[in-house]
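A short worksheet on the structure shown next.
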Amino acid sequence: METDPVKSMRTPPQLAERWGVAADKVLYFIDSKQLVALDLSMKGERPRYRISWKEIRRFEKTRATTIRNVKKKKDAVMYVWNGVDGYDEVKRIPKGKSMR
């Protein structure tokens, strides 16, 4: 286990690989203040961001999704025009089954 806190931090490209996104997306999260990063660059240099594991876990937790209650599919019903006064139910197809 690394004892140096800066060495245990991750860079935007490392996080991009972890999350399966482009490094620019991680930079966007930093620029939009959704993800807090430490900038280790000197004045006038390009930013050299490092993100702590605590911040990574916080960010991932805020971005996690949950399964919503999804309406159950109802059985499909096939109707045929009876030619007189409307439609008659011909066939009820259980949910998840094909109409064919």
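Nothing in this text is a laboratory measurement; each read-out follows from the coordinates by a stated rule. What you see is a predicted model, and the numbers here were worked out from it, not measured in a lab. All Cβ positions, glycine included, derive from the backbone under ideal geometry; neighbour counts span all protein chains shown.
Report D for the range 12-63 in µm² per second (integer): Stokes-Einstein, Kirkwood Rh on Cα pairs, 25 °C, 0.890 mPa s.
Numbers: Rh = 11.3 Å.
Here the translational diffusion coefficient equals 217 µm²/s.
Going by average Cβ density within 10 Å per residue, which order do the peptides 43-54, 10-21 take, highest to lowest?
Sorting 43-54, 10-21 by mean packing, highest first, produces 10-21, 43-54.
Extending each Cα 7 Å along its Cβ direction at R58 and A23, get the distance between those two points in nm, one decimal.
Rounded to a tenth, the inter-label distance reads 2.5 nm.
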